[in-house]
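**Q** There's a structure below that I have some questions on.
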Amino acid sequence: MLVTPAEEFVLTGRIACPDGVLDQGWLSVSGGLITGVGSGPPPSGPRVDLGESLVVPGFVDIHCHGGGGGSFSAADPAEAARAVAAHRGHGTTTLVASLVSDPVPVLTGQLAALAELVEDGELAGVHLEGPFIARSRCGAHDPGALREPDTSTVDTLLDAGRGHVRMVTLAPELAGGIKAVRQFAEAGVIVAVGHTDGVEEQIRPAVEAGATVATHLFNGMRPLHHREPGPIGALLDDDRVTVELICDLVHVHPTVLRLAARHAGPGRTVLITDAMSATDAADGTYRLGRLAVDVRDGVATLADNGALAGSTLTMDTAFRNLVRGAGLDIGEAVRATSGRPAELLGLADEVGALRTGLRADLVVLDDDLRPTGVLRRGEWVRAPGS
């Protein structure tokens, strides 16, 4: 049976708890919160029997540009709502909106629009991926929008975000790069190193200055070389740095995913989608920021040069790919898609695990790890079996 969110109810199934999967588990919900988790006979009351389905925490995506035909860069609430809804249907109950490089006046308008969605509880913050990135590693960013960071521009962007800029990606080798790392970090913003052509000697000072994340490790950065580790070696080998991985099995080979995730461990590995507007939508021609993107068979590439341009990945597929494609276990996948990103955002006391007192955000997965139900704040976004 299904129940309204105002009622107390109990889910029974295989519950993925922080300490392992409870094969005959139960989870009680009331008032939008998890009120109990256990195994064996469930408490009395209305019950949703999920059989052998696996219940995992709602996914937390810290790097996403859009979906469902909508782009966060459009500064259009309707487009942003479509993107949020598309990812929420695939189990992402906590989402950070990412912006690509644009001229500063354009970015300030985008930040102002998205700040309202953060304040409405639809988004968990905004990620500035640029414009302070290396031209030689800009990928699907407009080269004409790139610039070196300076104190005034950083202040302008922070002010436009009204305290909701949660993360920024920058290339520390740029003039003013290390100073910008300190400025963002002191403002409480997560600083990520990415789209960088820096050598190891330019990356390590950024970590010392407060950078704590590697933006989509391997992609958009100088490659690993046995005589010059570059950003990949420096960031992957530093215990202070959490590494993002795009787990669509296109951006990074499964063997490389496994190597990176094993080395970083569950305390430092985060899966992201880096999804653009074509996610959960048809193939065709789209835009990522100011650039045209062709999407064929779900792979997004720039129309002018064929470079990868984000992904059409959803977090449920990333979860499945990490387990089925890269060979990690369920606990590791839960940490990488929920627990660790929640910690990174400072939200571990609200989301990221199936634990008493946290929000009732969860995903029901079938035997093939495909979602059959999504609960957010105690309400069914997608009812089990739908």
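**Q** I'd like the residue in region 119-137 that is closer than 26 Å to Thr317 by Cα and out of contact with any Lys or Arg (no Cβ under 8 Å at 6 or more places or on another chain) and, out of all such residues, is surrounded by the fewest Cβ atoms within 10 Å (Cβ to Cβ).
**A** Gly121
**Q** So is Leu375 crowded, with 24+ Cβ neighbours inside 10 Å, outside any loop (DSSP other than H, G, I, E, B) and more than 16 Å from the chain's Cα centre (by Cα) or not?
**A** yes
**Q** Restricting to region 62-80, name every residue that is of a type in the set (A, V, I, L, M) and on the phi > 0 side of the Ramachandran plot.
**A** Selection gives Ala75 alone.
**Q** Sticking with this one: Going residue by residue through region 330-344, is there one that turns out to be outside any helix (DSSP H, G or I) and surrounded by 21 or more Cβ atoms within 10 Å (Cβ to Cβ)?
**A** No, there is no match, as no residue in region 330-344 is outside any helix (DSSP H, G or I) and surrounded by 21 or more Cβ atoms within 10 Å (Cβ to Cβ).
**Q** How about region 256-267: which of its residues are basic (Lys, Arg) and surrounded by 16 or more Cβ atoms within 10 Å (Cβ to Cβ)?
**A** Listed by number, the list holds a single entry, Arg258.
**Q** Can you spot a residue in region 120-129 that is among the acidic types (Asp, Glu) and either in contact (Cβ under 8 Å) with a residue 40 or more places away in the chain or within 21 Å of Leu302 (Cα to Cα) (or both)?
**A** yes
**Q** Something else about it: Quick one: which residue in Gly298, Gly310 is without any contact (Cβ under 8 Å) to a residue 40 or more places away in the chain, under 25 Å from Ala336 (Cβ atoms) and either of a type outside the set (Val, Ile, Thr) or assigned by TED's automatic domain parsing to the domain that holds Gly233 (or both)? Steps first, please.
**A** On the way: Gly310 fails: without any contact (Cβ under 8 Å) to a residue 40 or more places away in the chain.
Gly298 is the lone residue from the list that is without any contact (Cβ under 8 Å) to a residue 40 or more places away in the chain, under 25 Å from Ala336 (Cβ atoms) and either of a type outside the set (Val, Ile, Thr) or assigned by TED's automatic domain parsing to the domain that holds Gly233 (or both).
**Q** Considering only residues that are in contact with a Cys (Cβ under 6 Å, 6 or more places away or on another chain) and of a type in the set (Val, Ile, Thr), which ones fall in region 334-364?
**A** none
**Q** So which of Thr356, Thr312 ends up being under 22 Å from Gly67 (Cβ atoms) and of a type in the set (S, T, N, Q)?
**A** Only one candidate passes the filter, namely Thr312.
**Q** OK, next. Which one of Ser152, Ser101, Ser136 is small (Gly, Ala, Ser) and in contact with a Gly (Cβ under 7 Å, 6 or more places away or on another chain)?
**A** Details: Ser152 fails: in contact with a Gly (Cβ under 7 Å, 6 or more places away or on another chain); Ser136 fails: in contact with a Gly (Cβ under 7 Å, 6 or more places away or on another chain).
Result: Ser101 is the single residue among Ser152, Ser101, Ser136 that is small (Gly, Ala, Ser) and in contact with a Gly (Cβ under 7 Å, 6 or more places away or on another chain).
**Q** Are any residues in region 205-255 crowded, with 18+ Cβ neighbours inside 10 Å, charged (D, E, K, R) and within 22 Å of Pro266 (Cα to Cα), and if so, which ones?
**A** Asp238, Glu244, Asp248
**Q** Scan region 279-295 for residues that are touching a residue at least 60 places away in the same chain (Cβ under 8 Å) and on the phi > 0 side of the Ramachandran plot and jot them down.
**A** Asp280, Gly289
**Q** In addition: Given the structure, is Ala80 buried (at least 17 other Cβ atoms within 10 Å of the Cβ), in contact (Cβ under 8 Å) with a residue 12 or more places away in the chain and assigned by TED's automatic domain parsing to the domain that holds Pro371?
**A** For Ala80, the condition - buried (at least 17 other Cβ atoms within 10 Å of the Cβ), in contact (Cβ under 8 Å) with a residue 12 or more places away in the chain and assigned by TED's automatic domain parsing to the domain that holds Pro371 - is not met.
**Q** In region 50-84, how many residues are over 21 Å from Leu128 (Cα atoms) and of a type in the set (A, V, I, L, M, F, W, C)?
**A** Final tally of qualifying residues: 4.
The values are calculated or read from the model by the stated rules, or taken from the named source; none is laboratory data. Keep in mind it's a predicted model, so treat the numbers as computed, not measured. Note that each Cβ is placed from the backbone with ideal geometry, even for glycine, and that neighbours are counted across all protein chains shown.
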